[in-house]
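Here's the structure, in structure tokens; my notes come after.
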């Protein structure tokens with residue numbers, strides 16, 4: 001009986017879940033303290049959080065609804081440009097830049113999602129790439145608005161004014177890190193709450209067995225659209241944070257390479273695990289940071305790590321905690 | 001009052017006619033078995049009723065309303081619940097989660113981010129009831145993909161029941177089962193029919209199961225309806241014997 005030997009993922013017991021949640025947040029909150037001790041710096045921690053959020057957003061669709069997008073750089077990149085447009089052309093407001101990025105990426109995701117939500121599997125993945133290329137070429141060619149190949153440059157994230165006091169996230173990189181982490185907390189928290197709700201269980205049902213879900217009365221296309229849209233809004237937030245982190249927006253943020261890297265991050269960490277993609281992003285960004293200073297062939301080593309992880313931890317790095325052989 | 005009525009329903013796949021102008025009526029509270037040799041079109045007919053694909057011609061009335069052009073999800077909303085020939089469950093989730101998803105979908109909570117205590121109670125009550133009816137209480141927290149075939153079947157039936165369907169459609173519920181499992185599932189179906197007065201249509205190969213359970217039997221052969229009647233009438237029908245029972249024996 002194959003059913004008896006199949007590996008199955010079991011959710012962790014409740015107490016362990018809380019412990020893991022606490023551990024994740026202690027590590028994240030303390031990052032500015034321990035990053036320098038291991039040779040890192042605060043902006044590197046911010047990059048990890050940004051790409052972790054992006055990979056987790058992609059994984060909302062991929063790991064928890066069951067449709068792979070190889071074109072999620074589109075909504076990440078639109079978040080990058082949305083934030084850039086506001087800071088360069090309109091106003092010196094970091095919150096408005098963030099909101100504009102989220103709306104540009106999220107609304108675009110909702111529109112594209114409506115066009116593709118009838119596709120499944122490899123066809124779904126391919127049309128996501130196609131639309132991403134469309135956005136890439138718009139950014140690349142529309143010089144007068146997007147700055148073309150050079151992108152949008154010459155803007156800076158602005159300090160945030162709260163009336164009585166001002167958070168100078170422009171110059172203080174530790175304050176900026178906590179700003180990024182706060183946005184991460186809100187967006188990741190929203191995704192986590194959705195996944196534990198009846199809506200999240202419906203997404204899970206579609207991942208597990210779409211035919212069964214349809215015959216329980218679930219209109220599958222509509223829910224896949226919804227998951228795609230939520231995922232696009234969340235990854236657009238990560239994109240907007242990335243623009244604030246780098247103080248520029250360029251077409252490489254819309255590139256298919258980013259899409260692929262996000263999938264690699266999610267798979268590295270474990271796509272059936274909520275926090276897995278964050279760990280995957282941490283590994284990816286750190287390896288990239290150290291090795292790209294040593295060799296231009298750093299991607300080779302990332303590939304090597306990827307192969308090793310896929311061979312020995314087929315459920316991803318965090319997947320090992322959920323892995324067990326049925327009795 | 002008829003629960004389900006098929007009127008001259010046909011399904012063509014290219015030049016192949018899988019179902020040919022089948023008409024039949026299933027009364028409320030009835031347990032109807034659909035039998036026929038391999039390739040007779042039983043599962044195709046089943047798929048037409050449940051909306052897996054639309055018929056090429058003909059109409060299907062459910063509770064007097066035409067449903068032939070509705071999607072599967074819309075027919076589920078109107079009260080059809082089905083299981084599949086090859087068990088369809090959510091393999092990596094527990095029995096409880098499987099049935100809970102069904103109960104939440106049926107109650108229209110599939111889009112909710114939050115359930116109030118009243119709604120949670122209704123869902124929890126349905127889940128507990130259906131798990132108990134199908135005899136899975138001891139396996140509530142087990143992952144369905146790990147269970148034995150018979151228990152996976154029972155879990156699938158529990159999911160269909162959690163929809164609180166007015167018509168339950170079972171596609172070869174005993175397919176691939178051993179003696180003991182067949183006995184248990186047959187008992188479950190009989191309890192659902194006798195004690196809970198479900199209207200049930202089932203496609204089945206096992207003649208002992210069919211003659212044991214069915215109020216009426218419809219025989220399909222090469223896509224067409226060959227005969228329709230009580231088990232005694234079907235057993236005595238010379239056309240059926242020639243086409244089907246004779247060959248099987």
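The values are calculated or read from the model by the stated rules, or taken from the named source; none is laboratory data. Just so we're clear, the structure is a prediction, and the values are computed from it rather than from any experiment. Cβ: placed from backbone, ideal geometry, glycine included. Neighbour counts: every protein chain shown.
From A:103, A:88, A:96, which residue is touching a strand residue (DSSP E or B) at 6+ places or on another chain (Cβ under 6 Å) and either surrounded by fewer than 24 Cβ atoms within 10 Å (Cβ to Cβ) or outside any loop (DSSP other than H, G, I, E, B) (or both)?
Just one listed residue meets the conditions, A:88.
So residue A:166 passes all but one of these: (1) exposed (fewer than 15 other Cβ atoms within 10 Å of the Cβ); (2) in contact with a helix residue (DSSP H, G or I) (Cβ under 9 Å, 6 or more places away or on another chain). Which condition number does it fail?
Looking at each condition in turn, residue A:166 falls short on (2).
Please indicate, with yes or no, whether at least one residue in segment B:145-152 is surrounded by fewer than 21 Cβ atoms within 10 Å (Cβ to Cβ), over 19 Å from the mean Cα position of the chain (by Cα) and more than 9 Å from every other protein chain (Cβ to nearest Cβ).
no
Hey, can you tell me all the residues within segment B:127-142 that are buried (at least 22 other Cβ atoms within 10 Å of the Cβ) and within 13 Å of another protein chain (Cβ to nearest Cβ)?
B:127, B:130
So which residues in segment B:103-120 are assigned to a loop (DSSP other than H, G, I, E, B), more than 7 Å from chain A (Cβ to nearest Cβ) and on the phi < 0 side of the Ramachandran plot?
B:107, B:116, listed by residue number.
Results for (1) surrounded by 19 or more Cβ atoms within 10 Å (Cβ to Cβ); (2) touching a helix residue (DSSP H, G or I) at 6+ places or on another chain (Cβ under 7 Å), shown as yes or no for each residue.
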| position | (1), (2) |
| --- | --- |
| B:183 | no, no |
| B:191 | no, no |
| B:196 | no, no |
| B:199 | yes, no |
| B:214 | yes, yes |
| B:219 | yes, yes |
| B:223 | yes, no |
| B:230 | no, no |
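Looking at B:74, B:65, B:59 in this structure, which one is farther than 19 Å from residue B:1 by Cα and assigned by TED's automatic domain parsing to the domain that holds residue B:235?
Matching residue, one of B:74, B:65, B:59: B:74.
Say whether the condition of being under 17 Å from residue A:101 (Cβ atoms), touching a residue at least 12 places away in the same chain (Cβ under 8 Å), in contact with a helix residue (DSSP H, G or I) (Cβ under 6 Å, 6 or more places away or on another chain) and surrounded by 13 or more Cβ atoms within 10 Å (Cβ to Cβ) is met by at least one residue in segment A:198-206.
Among the residues of segment A:198-206, not one is under 17 Å from residue A:101 (Cβ atoms), touching a residue at least 12 places away in the same chain (Cβ under 8 Å), in contact with a helix residue (DSSP H, G or I) (Cβ under 6 Å, 6 or more places away or on another chain) and surrounded by 13 or more Cβ atoms within 10 Å (Cβ to Cβ), which makes the answer no.
In this structure, does residue B:74 turn out to be surrounded by fewer than 16 Cβ atoms within 10 Å (Cβ to Cβ) and assigned to a strand (DSSP E or B)?
So residue B:74 fails the test.
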